[in-house]
Amino acid sequence: MKTDTVAILGATGAVGQEMLRILEKRDFPLRKLILLASARSAGKQLPFRGEMIPVQEARKEAFAGADIVLGAAGNEIAKTFSPAIVASGAVFVDNSSAFRLEDHVPLIVPEVNPGDIRGHHGILANPNCSTIITVTAVNALNAIAPIRSMTVSTYQAVSGAGAGGPLELAEEVEALRNGQHCAPSVFPCQIAYNVIPQIGNAQYRGYTSEEMKLQNEGRKIMHLPELKVSCTCVRVPVVRSHSISVSCHFDVPVSVEAARRVIAGAPGCLLVDDLAHNRYPTPLDTSGQDLVFVGRIRPDLTDECGITLWCCGDQIRKGAATNAVQIAELLAAEESENPEKSPW
């Protein structure tokens, strides 16, 4: 399909600006870029390929002529503008959660299910950041034996809560250093020198909305409709990159050696697994790049058919902006002889 004109909806936010940088970094084949945001951001200028591109107010008529729209706004904005985007003839690659679980909207991680893009009707959904990182890490195991269930704990960086997250962490650290009181506003309680075992609101039997995403989205992406996931999401005082502990359970034993081998060869993964020499994934190592680092691969001592691992990934890049651009790259390659061939 044509990719001459690309629009970014929510261009001035953290993910929108990251999308802009990723489009340039990956030399995405576009000729015209349209930057859209709220009325208060209209008139700002953002750099792209040596030029300053003005930001326009997001209006329904602003999508005329666009081939692909990358969505970096919230659910309500996505729902408001999606009819106009589709009516304009563009394909909407949306990073919000508005359409992820709708049957007619493919939910894509390009390293895992690129062929699913062919089922779109004008909208493609970008999964939750922790879902992207996790399924990228474990999908190769699913090729050895179908994953029956997963037990997961996420350790999510404060930037996952938006631009205010890192600012609140820094302000609290400074206040505590000076013996002053902390008054949290972004998070429900102090995040400095603390962890908070809640992300999202209560949704199902004591699990939060964030915790249920991994099961619901993972089923769709990996084509495992019976997959069960028990997840605990924790906010930690780390600025960038999410870390995730995963125990995968199968119906047959999977050896650690086989797990390491397939993960080492999996697209989008980097095996970093040498406990004896203190080599394993960390948030600092994974920030500012697009691979999911995987390590600490070992048998699950509670399940002879289980494998446990640790993975980290930049939730703003691979967990959001880069994954969306990769989906756009799949669309750009749609007319080639092999539409499932990875363009990265």
How far apart, in nm, are the 7 Å Cα→Cβ label points at residue 203 and residue 118?
3.0 nm
Hey, with R₀ at 35 Å, roughly what FRET efficiency would residue 39 and residue 167 work out to, going by the Cβ-Cβ distance, to 0.05?
0.90
Extension gain (nm, one decimal) between residue 193 and residue 256, 0.36 nm per residue minus Cα-Cα
19.2 nm
Only helices counted: for the chain, with every DSSP H run of 4 or more residues adding -39500 (n - 2.57) and the sum spread over all residues, [θ] at 222 nm is -8000 deg cm²/dmol
Magnitude of the Cβ-charge dipole (Lys and Arg +1, Asp and Glu -1) of the chain about the Cα centre, nearest 20 debye, reported as 360 debye
Taking amide H positions as placed 1.01 Å from N in the peptide plane, with prolines and chain starts having none, which residues 5 or more places from residue 123, or on another chain, fall under 5 Å of its amide H?
92
Based on the alpha-carbon gyration tensor of the stretch 275-325 and its eigenvalue square roots a ≥ b ≥ c, which shape applies: rounded if a/c is under 1.5, prolate if not and a/b is larger than b/c, or oblate?
oblate
I'd like to know which of 315, 89, 15 lies farthest towards the positive end of the charge dipole of the chain, counting +1 on Cβ of Lys and Arg and -1 on Cβ of Asp and Glu.
15
Largest first, how would 120, 277, 242 line up by accessible area (1.4 Å probe)?
277, 120, 242
The stretch 1-159, dipole about Cα centre (Lys/Arg Cβ +1, Asp/Glu Cβ -1), debye to the nearest 20
180 debye
Over all distinct alpha-carbon pairs, what is the Kirkwood Rh of the stretch 107-259 in angstrom?
17.1 Å
State the answer as a single residue: which of 104, 186, 72 lies farthest towards the positive end of the charge dipole of the chain, with beta carbon charges of +1 for Lys and Arg and -1 for Asp and Glu, about the Cα centre.
186
Quick one: of 32/60; 32/220; 2/60; 60/318; 2/32; 213/318, which pairs are farther than 23 Å apart, Cα to Cα?
32/220; 60/318
The size of the Cβ-based charge dipole (Lys, Arg +1; Asp, Glu -1) of the stretch 1-67 about the Cα centre, to the nearest 20 debye, is 60 debye
Computed over the Cα atoms of the chain, what is the convex hull's projected area averaged over all directions, in nm²?
18.9 nm²
Going toward the positive end of the dipole of the chain, with +1 on Lys and Arg Cβ and -1 on Asp and Glu Cβ, which of 305, 237, 155 do you reach last?
237
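The values are calculated or read from the model by the stated rules, or taken from the named source; none is laboratory data. Quick caveat: nothing in here was measured; it's all calculated off a predicted structure. Glycine also receives a Cβ, built like all others from the backbone with ideal geometry; neighbour counts cover every protein chain displayed. The area values use the complete protein model at the heavy-atom level, side chains included, leaving out ligands, DNA and RNA. Shrake-Rupley method; radii C 1.70, N 1.55, O 1.52, S 1.80 Å.
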